[in-house]
Amino acid sequence: MPQLDVFNLDKSKVGTVDLDPAIFEVPVRTHLLHTVVNWQLTKKRAGTSSAKERGEVSGGGKKPWKQKHLGRARQGSIRAPQWRKGAVIFGPKPKDWSYNVNKKTKRAALISSLSLKFSEGRMLALNEISLPSIKTKQVSEFIKRFELKSALIIVGGDNENLLRSSRNIPNVKVLKIEGINVYDILKYDTLVMTEESLARAQEVLAN
């Protein structure tokens, strides 16, 4: 059974934790990672871009000049697309870009991402993350102490001090275990999990 060393915030080893090989030692299925990351990014698209077509632009009801005998090209409206301030032809309209991915695929991709982090040695376990106050310096010192380029920190429950202390650090993100996802795991260099969040993740994914 694979094991992971557990540290405290002072970078002192305080024990080890057993990992479920069915979650942290499975073959990495990159096509599933690709599928789920694309699904997550697509869901984030606002789809609110919009341009007015000929029937939606105000004005232009009167014919600019008569059809013939002026030596100019015929025109039907000053809101035609070739006119300044005219309509847009085949312009964007509000659209829902989201689509569905089944639960088994999302679960398998999440397990693959966890196995990838563990196999690459970019996973860190902490006994707990308890900050006495809201100070960005505390999280910055933790990042420097463990020499982390960027970190996704997963906690087991509410941790307001940690959340508010880290939100001004661009390379650090804090999530509750319920929000763990493939995109963030792959985006950040190191996955940091508390013993509580590790236990809950294994409990949920093992079922």
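Looking at the chain only, what percent of DSSP beta bridges run antiparallel? Nearest 5 please. Could the numbers behind the result be given before it?
Working: 5 of 20 bridges.
Among the beta bridges of the chain, antiparallel pairing accounts for roughly 25 percent.
Given that just one value was derived from the coordinates, which of (i) 1.20; (ii) 1.68; (iii) 1.62 is Cα Rg over 2.2 N^0.38 Å?
For Cα Rg over 2.2 N^0.38 Å, the calculated option is (iii).
Each residue of the stretch 77-87 in turn: what ³J(HN,Hα) in whole Hz from Karplus with 6.51, -1.76, 1.60 and θ = phi - 60°, glycine and Pro shown as x?
Computed from phi, the couplings for the stretch 77-87 are 7, 7, 9, 5, x, 7, 8, 4, 6, x, 6 Hz.
Report the residue, chosen from K13, K66, K85, that carries the largest GNM mean-square fluctuation when the chain is represented by alpha-carbon nodes joined by springs under 10 Å.
K66
Between the helical axis of 30-44 and the dominant principal axis of the chain, each derived from Cα atoms, what acute angle in degrees is found, rounded to the nearest 10?
Between the helix axis and the principal axis of the chain, the angle is about 50 degrees.
Just check the stretch 1-41 against the gyration tensor rule for me: Cα atoms, a ≥ b ≥ c as the square roots of the eigenvalues, rounded for a/c under 1.5, and otherwise prolate or oblate depending on whether a/b exceeds b/c. Can you show the working numbers first?
Numbers: a/c = 4.99, a/b = 1.94, b/c = 2.57.
It comes out oblate by the Cα gyration axes.
Past 21 Å, Cα to Cα, is the threshold; run K63/K85; K44/K173; K117/K149; K104/K149; K117/K176 against it and keep the listed order. Could you put the intermediate results ahead of the total?
Working: K63/K85 16 Å; K44/K173 18 Å; K117/K149 14 Å; K104/K149 32 Å; K117/K176 18 Å.
Check vs 21 Å cut-off fails for K104/K149.
Could you list which residues have their amide H under 5 Å from that of V6, counting only those 5 or more apart in sequence or on another chain, with H placed in the peptide plane?
V14, G15, T16, V17
What's the angle, to the nearest 10 degrees (0 to 90), between helix 136-145's Cα axis and the longest principal axis of the chain?
The angle comes out at about 60 degrees.
Can you check what the net charge comes to around Y188, using other residues whose Cβ is under 15 Å from the Cβ of Y188 (Lys, Arg +1; Asp, Glu -1)?
+2
Net charge near S77: determine it from the other residues with C-beta under 9 Å of the C-beta of S77, scoring Lys and Arg +1 and Asp and Glu -1.
Net of charged neighbours comes to +4.
List the equivalent ellipsoid semi-axes of the stretch 47-96 in whole Å, largest first, each obtained as the square root of 5λ for an eigenvalue λ of the Cα gyration tensor.
One finds semi-axes of 28, 9, 7 Å for the stretch 47-96.
By count of other Cβ within 10 Å, fewest leading, how are V36, V17 ordered?
Ranked by crowding around the Cβ, least crowded first: V17, V36.
May I ask for the angle, rounded to the nearest 10°, between helix 103-119 and the longest principal axis of the chain, with both axes built from Cα atoms and the value confined to 0 to 90°?
Between helix and principal axis, roughly 50 degrees.
Give me the net charge for the shell around T42: Cβ to Cβ below 14 angstrom, other residues only, Lys and Arg +1, Asp and Glu -1.
Value of the local net charge: +4.
Enumerate the amide H contacts of Q75 below 5 Å, restricted to partners 5 or more residues apart or on another chain; note that Pro and chain-start residues carry no placed amide H.
Distant-sequence amide H within range of Q75: W65.
Any read-out appearing in this document is the output of simple, stated calculations on the displayed coordinates, not a laboratory observation. No experiment lies behind these values; they were computed from the predicted model shown. Quick reminder, even Gly has a Cβ in these numbers, built from the backbone with ideal geometry, and neighbours come from all protein chains shown.
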